[in-house]
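Inspection log for the structure reproduced underneath, given as structure tokens.
Nothing in this text is a laboratory measurement; each read-out follows from the coordinates by a stated rule. Nothing here was measured: the structure is a model prediction, and the numbers come from that model.
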């Protein structure tokens, strides 16, 4: 995601530092969706992301007078959000690579999960299943298998478009360490996707995109939808790094909390969380 365009942000920050509530609220409005999406990708839980976002804004409000403008306000804001997410993350384990396989087994173990899915598909406004959104969902799951610092590095650089210098500042490491974290995160994800993603690789073990499309949106012409996705069209390219870059570029254009199928994907993610608790 690229940084939101905010006219006169420096003036807003200056006004908010003096206690101007309207200016502070405008900053919250401008950055709120992006911060919540970042926290959602960290937690894979909508409720946790919303709760942590409130903590972030309380900390911002309390510490705004200390903000000296040496970095951008967005960088400073993400530094606080990262600190809050770290505190939350310490009590939780990394997900295994087969996290989605476990979720599938759980979903197939009884009719309750399928009925919950049907209810979301019938009643939710954000119920449209799109394969491109599920590619983003899968990216979040795979990122959660990484060590925390690597997860942060790849999200900041490749989804939220921070420079390596800004990313290092946000995480609190040297530039060299940040680049090393980013390199290792990308290399691990390339290997995982090569062996898992049947959408891209003929040897992949995961067919979840196709299966969920058949469940949620059987009327959708799957082949026609796949033909619209650059990543799928490039699947014959042997370059793992190029395919990962395309996945990350796709994710940059999706806010997982405000997409056409946000409620469907959250319902699926709830099963993944339950299976890997």
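Going from the alpha-carbon gyration tensor of the chain, what semi-axes, largest first and in whole Å, does one get by taking the root of 5 times each eigenvalue? Could the numbers behind the result be given before it?
Values: eigenvalues 220, 94, 61 Å².
In descending order, the three semi-axes are 33, 22, 17 Å.
When only Cα pairs under 8 Å and 6 or more residues apart are kept, what is the percent relative contact order across segment 4-157? Please list the in-between numbers first.
Working: 79 pairs, mean separation 29.6, N = 154.
This gives 19 percent for segment 4-157.
For the chain, take the longest principal axis of its alpha carbons; what is the angle in degrees between that and the long axis of helix 73-89, to the nearest 10 within 0 to 90?
The angle comes out at about 60 degrees.
Which whole-number percent is the relative contact order of segment 147-247 (Cα, under 8 Å, 6+ apart)?
Answer for segment 147-247 is 19 percent.
Segment 157-172 to segment 195-239: how many Å between their Cα centroids?
Taking the Cα centre of segment 195-239 as reference, the centre of segment 157-172 is 30 Å away.
If you line up the long axis of helix 21-43 against the longest principal axis of the chain, both from Cα atoms, how many degrees apart are they, to the nearest 10?
Its long axis makes an angle of about 40 degrees.
Normalised by the residues of the chain, what does the relative contact order come to in percent, with Cα pairs under 8 Å and at least six apart?
Relative CO of the chain lands at 27 percent.
How would you classify segment 136-277 from its alpha-carbon gyration tensor, with a ≥ b ≥ c the square roots of the eigenvalues: rounded for a/c under 1.5, else prolate if a/b is greater than b/c, otherwise oblate?
prolate
Quick one: check the C-alpha center-to-center distance for segment 90-143 versus segment 48-70, whole angstrom.
30 Å
Using helices alone, I'd like the mean residue ellipticity at 222 nm for the chain: each DSSP H run of four-plus residues gives -39500 (n - 2.57), total over residue count, nearest 500.
Roughly -21500 deg cm²/dmol at 222 nm, from the helical runs in the chain.
Working from Cα positions, state the angle (0 to 90°, nearest 10) between the long axis of helix 175-196 and the longest principal axis of the chain.
The two axes meet at around 20 degrees.
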